[in-house]
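The values are calculated or read from the model by the stated rules, or taken from the named source; none is laboratory data. As the structure is a prediction and not an experimental result, all values here were calculated from the model. Using ideal geometry, Cβ is built from the backbone for each residue, glycine included, and neighbour counts are taken over all protein chains shown. Ligands, DNA and RNA are stripped out before the accessible areas are found, and what is left, the full protein with its side chains, is counted by its heavy atoms. Shrake-Rupley method; radii C 1.70, N 1.55, O 1.52, S 1.80 Å.
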Amino acid sequence: MALRFALALFAFLTAFGAEKKPFVASAGNLKVSVQAVAYTTKEEIKQVLGSDLGGNIVVVEITITPKAAEPMKIFGDDFLLRSYKDGQKSGPFAPSQIAGKGGLALASVGVSGGGMMSEPTGGPSWGGLGGGMPNRMPGNGGGIGNAGAATVNEATVKDDAKEKANPLLQILKQKGLPEKETAGPLKGLLYFPLEGKHKAKDMALVYQGAGGKLILEFHQ
């Protein structure tokens, strides 16, 4: 009887699968330490936010801890997400750019090995995305190293004042990484636009801020 129960339990756990381990990354120096958890699939993102954000968004949970006694300024633009799969690189979007009024069109921009960008090409249009233009557009800058052509993401905002506010906006703001000066740990989410499907193991998070520069690669 006990054996039959054990076999049934094993079959149940196999059918539903054990809880999947998240992809995590960490790095540090004498000034700061950074830990990150990547959510790349629609299912994972929906579990975290209650919405999959329509695809083409990678959500990264950041915990950043200053090590010095003096407070350190933390900004979302301190972080860059890049893909080893196809060379895309992107800074984070503000919540208003994802769930604000209007719409946002994401376009790919080719980058040569020498770092020169070509004219933007037509990219997918995300209905309901967008708000104000970001202070620094995600993906500005050259390619990843000098290895062939890369892709960065740029965006333009379509104005639609008649569109109602998206209730998701408040959730994105509440869970987002705060931008402030702190001497203690700071935790929150960042939202990176990347076209296509990307696995966390093929991505790296780059921190470059008041604490110096760190490169975090994800693993389970």
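Per-residue answers, yes or no, for (1) touching a strand residue (DSSP E or B) at 6+ places or on another chain (Cβ under 7 Å); (2) open to solvent by 60 Å² or more (accessible area, probe 1.4 Å); (3) in a strand (DSSP E or B); (4) at pLDDT below 50:
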site: K46; (1), (2), (3), (4): no, yes, no, no
site: D52; (1), (2), (3), (4): no, no, no, no
site: E70; (1), (2), (3), (4): no, yes, no, no
site: Q97; (1), (2), (3), (4): yes, no, no, no
site: A107; (1), (2), (3), (4): yes, no, yes, yes
site: E119; (1), (2), (3), (4): no, yes, no, yes
site: G123; (1), (2), (3), (4): yes, no, no, yes
site: P138; (1), (2), (3), (4): yes, no, no, yes
site: I144; (1), (2), (3), (4): yes, no, no, yes
Residues located in region 161-220, provided they are out of contact with any helix residue (DSSP H, G or I) (no Cβ under 7 Å at 6 or more places or on another chain), open to solvent by less than 50 Å² (accessible area, probe 1.4 Å) and part of a strand (DSSP E or B): T182, L186, F192, P193, M203, A204, L205, V206, G212, L214, L216
Let me confirm something: among A200, A149, which residue is modelled with pLDDT of 90 or more, among the aliphatic types (A, V, I, L, M) and on the phi < 0 side of the Ramachandran plot? A200
Return the residues of region 4-29 that are of a type in the set (A, V, I, L, M) and at pLDDT 95 or above; say none if nothing qualifies. V24, A25, A27
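What are the residues in region 77-86 that are open to solvent by 10 Å² or more (accessible area, probe 1.4 Å) and either out of contact with any Ser or Thr (no Cβ under 8 Å at 6 or more places or on another chain) or not in a strand (DSSP E or B) (or both), if any?
Filtering region 77-86 down to residues open to solvent by 10 Å² or more (accessible area, probe 1.4 Å) leaves 77-78, 80, 82, 84-86.
Matches in region 77-86: D77, D78, Y84, K85, D86.
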